[in-house]
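Notes for the one structure printed next.
The values are calculated or read from the model by the stated rules, or taken from the named source; none is laboratory data. From a predicted model like this one, the values you see are computed outputs, not experimental measurements. With ideal geometry, Cβ positions are generated from the backbone for all residues, glycine too; neighbour counts draw on all protein chains shown.
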């Protein structure tokens, strides 16, 4: 693929999307100069360009389920069984029992939390398997079901003035911390709904669980959502309001089968929600850092889906700033899946912007000339032939203002 062909000076006025064999040398240099410190690095990148692909990101791609329950709250298995099952299927997991403990059960506060921390340490094998520590906190009225993940195994639970409730001051303080990752789920479901359209920035979550068995919160009335939908509570609503939440998914499993296909539940509930992260290593700290950096994506398992999505060379989750006279933005993706791809959609500012089928579906490299907003938001939605989907965390591109 020749990436040095000159760019026509009128292209931006005539087109929205262009092909990468018309990228200027200056745009190509965005990739060549991004951390390629040795001649060997540059040679590998040149070779990848010739094949139409970019080298993989300098991280490990890890797969996990970070939402499940045991007898410590309202689940049906012992926590040790949960961790053993997760370790057999995943690179990482998190046990997220309810803080209220379930009907007629003790809360997690106290001995149960100490047990969860100890089990997280016990089942973590650095480089092989990571068990994150977290829990599902009742946080009425802001998020109701709010999952809290911690950076290590030592943190106490978040405790507010009233257990089962969260006020704005408490939520704002927790979201400002760097040692927690907060992600609500069922945000557009009737009993757990929230309204992102009027939410101040300091109360926006770090991530949103887009999918769990039979429930999808990407946008209002999503076809995968088999329960109920309330307008204002979707991921797209949060993005439109200016929030920058990561995309995650979890099984919300209660019987120790997280990450497993359960055909008896029918479509789409048979498929578990899973999260993939680009992490420096397989440790709880590195996985937590990847979640906070939004180098992660949500997908419907159990088969793995590998996705590399970048804007101007920056991996998913990045916030970029460009000069007013910058050339068009380069958009790149590469997708690997055991199940054939049916459709890949580039979503820009909440609207389907570019759709790929056919020969360019698994690997695409295009240039986008259109600036729609002061900050444009891009993410990728992949649809597989069996009906499963995947969603990347976005990239945001802000246009630099002139003084």
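Below are the figures for this structure:
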read-out: Residue in region 330-338 that is surrounded by fewer than 17 Cβ atoms within 10 Å (Cβ to Cβ), in contact with a strand residue (DSSP E or B) (Cβ under 9 Å, 6 or more places away or on another chain) and within 30 Å of residue 263 (Cβ to Cβ) present; value: yes
read-out: Residue 75 vs. criteria within 27 Å of the chain's Cα centre (by Cα), assigned to a loop (DSSP other than H, G, I, E, B) and modelled with pLDDT of 95 or more; value: no
read-out: Subset of region 95-117 (residues that are without any contact (Cβ under 8 Å) to a residue 12 or more places away in the chain and either surrounded by 13 or more Cβ atoms within 10 Å (Cβ to Cβ) or touching a strand residue (DSSP E or B) at 6+ places or on another chain (Cβ under 7 Å) (or both)); value: 106
read-out: Test: residue in region 349-366 that is without any contact (Cβ under 8 Å) to a residue 60 or more places away in the chain, out of contact with any strand residue (DSSP E or B) (no Cβ under 9 Å at 6 or more places or on another chain) and part of a strand (DSSP E or B); value: yes
read-out: The one condition in (1) assigned to a loop (DSSP other than H, G, I, E, B); (2) modelled with pLDDT of 95 or more; (3) not assigned by TED's automatic domain parsing to the domain that holds residue 206 that residue 324 fails to fulfil; value: (2)
read-out: Segments classed as helices (runs of 4 or more DSSP H), wholly inside region 79-193, with at least 1 members that are under 21 Å from residue 292 (Cα atoms) and touching a helix residue (DSSP H, G or I) at 6+ places or on another chain (Cβ under 7 Å); value: 168-175
read-out: Residue within region 235-244 that is over 21 Å from the mean Cα position of the chain (by Cα) and touching a residue at least 40 places away in the same chain (Cβ under 8 Å) present; value: no
read-out: Filtered residues of region 182-209 (kept if under 18 Å from residue 248 (Cα atoms) and surrounded by fewer than 24 Cβ atoms within 10 Å (Cβ to Cβ)); value: 182, 186, 189, 192, 193, 204, 206
read-out: Single match in 342, 314 (criterion: more than 16 Å from the chain's Cα centre (by Cα), in contact (Cβ under 8 Å) with a residue 24 or more places away in the chain and surrounded by fewer than 20 Cβ atoms within 10 Å (Cβ to Cβ)); value: 342
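Yes/no matrix, rows are residues, columns are (1) surrounded by fewer than 16 Cβ atoms within 10 Å (Cβ to Cβ); (2) closer than 30 Å to residue 155 by Cα:
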| position | (1), (2) |
| --- | --- |
| 232 | no, no |
| 241 | no, no |
| 246 | no, yes |
| 263 | yes, no |
